Each structure stands twice: as C-alpha cells, then as structure tokens.
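The values are calculated or read from the model by the stated rules, or taken from the named source; none is laboratory data. A quick note: this is a predicted structure, and the numbers were derived from the prediction, not measured. Heads up, the Cβs are rebuilt from the backbone with ideal geometry, glycines too, and the neighbour counts pull from every protein chain shown.
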Amino acid sequence: MGSRFSIFIILIIVFTIFNAKLSFSNTGRNIQITDIIVQNNQRIDKETILSYLGIEPGDKVNYQILNKKLKEMYGLGLFADIKFRVSGDTLIVLIKENPMINNIDFIGNKRIKEDAMRSEIKLKSRNVYQKSEVQDTIALIRDLYKRSGYFSAKIKAQINRLSQNRIDITFRINEGEKTKIKGVKFIGNKIFSDKRLRGIVSTKESKLWRIMSAGDIYDPDRINYDKDLLRRYYLQEGYADFKIISAIAELTKDKSGFFVTFSVDEGERYKFGKVKIDNKNYKDMDNKEIEKLSKILEGKKYNINKLDMVMKDIREYGGNLGFAFLDVRPNLNKKKETKEIDVTIMVNKSKKIYVNRIEVQGNTRTKEKVIRREMKFNEGDSFSNSKLKRSEQRIRNLGFFETVNSENVQTKKNDRTDIVFKVKEKQTGQFSVGGGFSSTDGALANVGISEKNFLGKGQDLTLKFTVAERATQLDFGFTEPYFRGKDIALGLDLFKSKVTYADESSFDNDSLGGGLRFGYMLTERTRHSWNFSYKGETIQGVKSGASEFITNQKGDYTTSQLSHHLTYYGLNDRLNPTKGSRLRISNSLAGLGGNVNYFKSDIGTSWFRSVTDEYVFSMHFKGGYIFGYNDKKVKLKDRYFLGGDSFAGFQTAGLGPRDTTSANKDALGANMMYTLKTELRVPIPGIAPQLGINGVFFGVVGTATEIDEDGGDKIKDDSSPRISAGFGVQWKSPFGPVRVDFAHAVMKEDYDQTQFLKFNFGAGF
C-alpha cells in the first residue's frame, strides 16, 4: 500500500512540474494545431500576441518548440507570466501582461535637476514596467549623486497601481550632506613632499576658499585620474621605476567625508643614455633631420613627455611626407647600474599614402562647399599631416561648429586613405538683446540680429543698434567671404552714430557713412584687405568754457578715405590663445574727396607663450602716427586719445596733450602714440579653470604726444613715458565677458587724469 501511495505522489509531482508553465502530455509527440486561443490579455491585442508567438493553425508543435517560444516571448519584456496549454488540437495561451508606466516623478531632489535625471535614466512614460529596470534606475540615480559628492543619498521607488494595468513610479530621494575630502596624504614619498604632491593631484582637501571648485568632492574616477597624474609627474622627473602601490579612500563613520591615501614607491632617478633612430625602412626620410630630434634627449633627465614629443615630431615629419599611418614606438633599455635609459625609436614600415576620398559628416545646414573650400588638399593629393591639421583649424575658425574633428581611415588599397571631417553645428544666427556697464562708457543696451552663416553659404549679416550713456549707434554689415568662388572677401558697411566726449573734451560728434571692403589671403596666415569709406561728421554740443582749440573746430566735415590692412594671424586659438603671435599694419589716406586731409599709419601686435599649462604670458604693442597735408591740420576726432580701455590706470583720454586753461581741462588728442602692455594670466586658487575665471597681472608703458595746434603755454604736452601696473580678474560668464582691473599710475605727469578701478560687463539674452 505504501509503495503504491509513493508512486501516486511521484506521478502528481511530475504532472505538476510539466504543467507549471507548459501543459503538454507527451514531450516527444508532434501535434498539429487547428486553433489558437489567447486569454487574459488586456492592452495587447490577440493579433499582436500571435505575431510574437510565430505559430499558426496548421503548424505542428511539440514540447521543445513551445518551450523555445516561451523563452522568446519572455525575452520581449512585455509579459509578467506566460503559460501554454494544449487541449486536443487547440493551443491555449494564458497571458499576464507587465503593467504600463503612466508617470514618473521625483521627490526630494534639490541638488540634481529633474531634467538631468530624466535624461540619464532609461525608464520612460508609456513604456512597459519591469522591476529590474526600476532597480537599475535606483542604482543610476545613486551613482549620479555619488559623482556629485553625495555618498549618503538614499533612493526608494514607490509603485502606485492604477486602473487598466497602469502604474505610477515615484522616486523618493533623501540627498543627505555632501561628502567632502577631509584629507589627502602620501606614504612612501621621500623625494617630493606631501605639499608638492598635493599640488599635482586633482583631489583637494575641502577648504572654504574652494567653494567654487569640485576638486574637494570625492570621485573614484578622479582618484584613478590622480594615479595617472602622479605616475606622469614622476616619469617626467626621471623616476622610471615609480609605482603606485595603492590609492585608498576611507569614508568616515558618519559619511561626512573621505580620507584619501596614496601609497607610492618612488624608485631611482634615471637620465637618457644613447638615443637612436631605427629608420632603415624609409629612403624618402632624411635620417639627419630626424636624428636631430633624438639628440636633444641624450644626457638629459629622463622625461617621458619629452620622449613623447620627439616621437610626435617624427610622426608629423613622416606625415608631411605622405606617410599617414607611420608607426613610431620606443624600445627602452633600462640600465640600473648606471641609472641610464638607452632608447631606440623604431620607425616601422608603411607606404606613402594618397587621399582617396574626402567625406564631410554632421553638416545639416552648412553647405559642403563652404567646408571644402577651407581644406588645403583634394582627392588624389599625397597625404600631409600638417595640411590635415591646418584644414581642421581653418574649418574650426569659421565659427560655425561646436566641434571639428578629422580622421584618416585606411582603405582596401594600402596606399590610399579616406579622410572624414566630423562637424557638429552650432547656432550661428541670433536675435540678441543685451546690456552692460563699463567705467568708461557707463550703462549700455543693445538689440541686434546677426547671422554668421547666412543661408548656409558662410555669409555674414549683422544689424545692431546700441544705446549707451556716451553713444548711440546703428550698424549694418554684410560680408561674402568667397566672392564669385574666389578666395576674396567682399563686404559692405553702413553706420550712423552720435558720441559724446563731454567728460573729457567738451564736445559731441555725429557721423553718418558707409564703406566697401575686400580682402584676400597672401599666405596661409597672412591677409591683405582694402577699404574705401565715405562719411559725414559734425562736431557740435561744445560746452561753455570749452577749449578754444575745440570751439574752433565746430562744424561739418566730410571724409573720403582709402585704407589697407595687412594682418598676420599665428595664434593657436582665437578666443583663448596660449601660444603664437598676431600682427596688424594699417595705412589710411583721407583726401580723395571731402574737406579732410591726412595720412595715418597704425601697427598692433600681440605675442603669447605658455609658462605652464595654466600660466600664460603675453605682450601687446600698439603704435600710430597721423599728420595732415595740403595745409590741413588733423581734426580733433581723428587724433589719438589714450586712457581707459587703452591704458589702464588712466581715465579715458586721461593722458596726452591737454588745455589746462579750459574749464574742463579738455583733452585735445595727439598725433602720435604708443603703448606696450605685458600680462601674466594666472589661475585663481580654489576656482576651477573650467569656470572661465582667471587672474591677470599687468604692466603698461606708453605715451600720447604731439599736436598741430599752436597753443603756447595753454597746451600741456610731454612726450615722457607713462607707466601703470595692476591686477585684474576676467570671467567668461554665461551673460557675457566680465573684467575688473585695479591699476595704479606709477609714472605720470601732473596734468594727467588717473583712474584706479576699471570695470566692464557685457550681457546678451
């Protein structure tokens, strides 16, 4: 009796197992299905489910087939449960659908915006709910908070079930306090102090003055980055055996902060021994030229950065000869007994490469010809790495794109390469309303329409109206950069302005005019342009008690002027240069018509050099001279006025010839001037460089002198140099550039007018 009962129980268990998900009497037997019934479906219609199933009436099925279909349908993520039952020749599909997500909410988030979280998570409204995805979302949100420094953040998901198999998901967030870096220390360092190494790593101890920096927030990615920084630093200082044993971040019990400890093994210091170039595969490459590159290393302190620079120079040298995929790598022979590292730089074989096809990607608005005309090569040309880089920079200089990248792609033919330029367009047209303030010009407001890439043809169109305390101006400009398909820029300018010089020279100036201009490239970096302008001006609004030399010039003037400009541009970046120079020479002749006759010559040059990655030194020189002819004196408005923006430490027109007997001690302007300014741009401690805030130390020397007027003792004019020095803060804010300068006039004349604080702020909306 017992054995029969046991057999009965076993049969029941087996029957239950086989019918849990898939009810099929004989797993090996094929059954021809004549009908399929779908039950318990709510949102998903029968036809859709049958399409997922992939079985039709008339098909033969067995256990293996149905089991496979079961797994496939589960993989869709649409169903919480699926069961198959076979009754005679009918297949019954029992469905339990996953709920549909109706809405997703976030409660308690203050530090991370809701939009930022929604952009990161995969969960979306009207998607099918899956429990695993909710858990993944919680982990993702927690990771977002960790990256922002909130390691104690807690996230819970609340599921609210609605009618029609729908749910609302609410993520309840307790952000907690920001987890700061309590301390950074080093173990094993003997050569370099803790203080020195703290200056190398990006992880910083939390300090009050680092309020605008993210370096004092714990970030595991930053710790890994710091390991690379330390390794790179020691390798460039000659410590080729340097190792990082560990980098440990310990969280305090109250989760309020981390203590970060780097354990290091500094090893011994090495220098370069013999440096050789293995270049036997290239007859077209001048061995002597590339050997010169290697000889600069021999006997010097081992420095991985300098070794990388030499290899980069060899690649560029080979690239300019057409070897696009030049493989350059070092073989190091470390000799511990002499503390020397012999280097053999292997230049591995590759064929001379030619450009097969050029492709432009990402330009949806800009016409391709606008991009192609900036390229320095065509299909079929031999590949040149320098031409590729110059082409990339020329496209970037257009100002139409957020990013410009290029890559050369090997083709099936070993001597051919495809070049792909990938661009990401940015907004080039805008309607702007803005305002600002400067200690020179006072408050200002402007409204304008501009389009740098008009109709996608690269044309520049500008219309701007500005109202300020000192000036009102309307400007219109249009430029065609490639007139009739040639590299000749043709432009038209129209303007109307009213400017008051009441504070410094007791008069107003109204002007109306326009001009035509055209320019062309002489070399890759040198441009020449011509400009013809015609304008009418009126000197009026002369104050009572104004200088007689100003009163005598009241009236109307017409100026017809021909100018030319020679410009050299050799900076590595237009907005934030750290290396290179620029030069501009201008000459102007007035008197081709009208009643104003003069010749004017101006020069301006700038030079930039990086002292370190963060410190940039620059020099800026401006000089000019103007003189009248045909017995005509230089008019008041055409002279040089120095001070304010052109010479920190002095008021606008604060230095130069001046009538000290007039009521306002009016500035009269000068026929000659020069300024030489030196600047050192420095980071501000505790402020991240990406915020666009820098400090500037500067010094200026210059003068403005000479005047046509014969005023005797009434006119003070001294050619002696003036000197000022100071410190400023500049910020590339989201609202426009901001700069504050504090300057002291170190050397001046008694009649000069000085200014300690200069402030400029501009904004656009």
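Being among the small types (Gly, Ala, Ser), more than 25 Å from residue 547 (Cβ to Cβ) and not in a helix (DSSP H, G or I) is the requirement here; does residue 623 meet it?
On the way: among the small types (Gly, Ala, Ser): yes; more than 25 Å from residue 547 (Cβ to Cβ): yes; not in a helix (DSSP H, G or I): yes.
Spelling it out, residue 623 is indeed among the small types (Gly, Ala, Ser), more than 25 Å from residue 547 (Cβ to Cβ) and not in a helix (DSSP H, G or I).
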message: Quick test of your reading of the structure: residue 410 fulfils all but one of (1) buried (at least 16 other Cβ atoms within 10 Å of the Cβ); (2) at pLDDT below 80. Name the failing condition by number.
response: (1)
- prompt: In this structure, does residue 164 turn out to be of a type outside the set (D, E, K, R), in contact (Cβ under 8 Å) with a residue 40 or more places away in the chain and not assigned by TED's automatic domain parsing to the domain that holds residue 222?
  reply: yes
message: Can you find a residue that is within 15 Å of residue 319 (Cα to Cα) and of a type in the set (S, T, N, Q) anywhere in the stretch 392-405?
response: no
task: Give just the number: which of (1) closer than 25 Å to residue 454 by Cβ; (2) aliphatic (A, V, I, L, M); (3) surrounded by fewer than 16 Cβ atoms within 10 Å (Cβ to Cβ); (4) modelled with pLDDT of 85 or more does residue 332 not satisfy?
output: (1)
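List the helices (runs of 4 or more DSSP H) inside the stretch 88-203, counting only whole elements, that have at least 3 residues being more than 28 Å from the chain's Cα centre (by Cα). So that I can check it myself, show each step before the final result.
Numbers: elements: 114-120, 131-147, 194-200.
Answer list for the stretch 88-203: 131-147, 194-200.
Residues that are of a type outside the set (S, T, N, Q) and modelled with pLDDT of 90 or more: which strands (runs of 3 or more DSSP E) entirely in the stretch 659-765 hold 3 or more of them? Let's see the steps before the verdict.
Working: elements: 672-682, 693-705, 722-733, 736-747, 757-764.
In the stretch 659-765, 672-682, 693-705, 722-733, 736-747 are the strands (runs of 3 or more DSSP E) which contain 3 or more residues that are of a type outside the set (S, T, N, Q) and modelled with pLDDT of 90 or more.
Here is a yes/no grid of residues against (1) of a type in the set (A, V, I, L, M); (2) out of contact with any Ser or Thr (no Cβ under 6 Å at 6 or more places or on another chain); (3) in contact (Cβ under 8 Å) with a residue 40 or more places away in the chain:
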site	(1), (2), (3)
525	no, yes, yes
534	no, no, yes
539	yes, yes, yes
549	no, yes, yes
message: Can you find, within the stretch 376-422, the residue that is farthest from residue 355 (Cα to Cα) among those that are within 16 Å of the chain's Cα centre (by Cα) and in a helix (DSSP H, G or I)?
response: 397
message: Given the criterion among the small types (Gly, Ala, Ser), surrounded by fewer than 20 Cβ atoms within 10 Å (Cβ to Cβ) and in contact (Cβ under 8 Å) with a residue 24 or more places away in the chain, identify the matching residue among 733, 719.
response: 733
query: Are any residues in the stretch 235-281 under 18 Å from residue 306 (Cα atoms) and among the small types (Gly, Ala, Ser), and if so, which ones?
result: 238, 240, 273
query: Considering 307, 235, which residue is closer than 27 Å to residue 326 by Cβ, at pLDDT 90 or above and within 34 Å of the chain's Cα centre (by Cα)?
result: 235
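Out of the residues in the stretch 68-87 meeting the condition of being within 60 Å of the chain's Cα centre (by Cα) and surrounded by fewer than 15 Cβ atoms within 10 Å (Cβ to Cβ), tell me which one is farthest from residue 127 (Cα to Cα).
68
So which strands (runs of 3 or more DSSP E) are wholly in the stretch 239-279 and hold at least 1 residues that are in contact with a Pro (Cβ under 8 Å, 6 or more places away or on another chain) and not assigned by TED's automatic domain parsing to the domain that holds residue 151?
Details: elements: 243-251, 257-265, 271-278.
Once the strands (runs of 3 or more DSSP E) in the stretch 239-279 are filtered for at least 1 residues that are in contact with a Pro (Cβ under 8 Å, 6 or more places away or on another chain) and not assigned by TED's automatic domain parsing to the domain that holds residue 151, what remains is 243-251.
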message: Among the residues in the stretch 606-624, are any under 23 Å from residue 553 (Cα atoms), touching a residue at least 24 places away in the same chain (Cβ under 8 Å) and out of contact with any Leu (no Cβ under 7 Å at 6 or more places or on another chain)?
response: yes
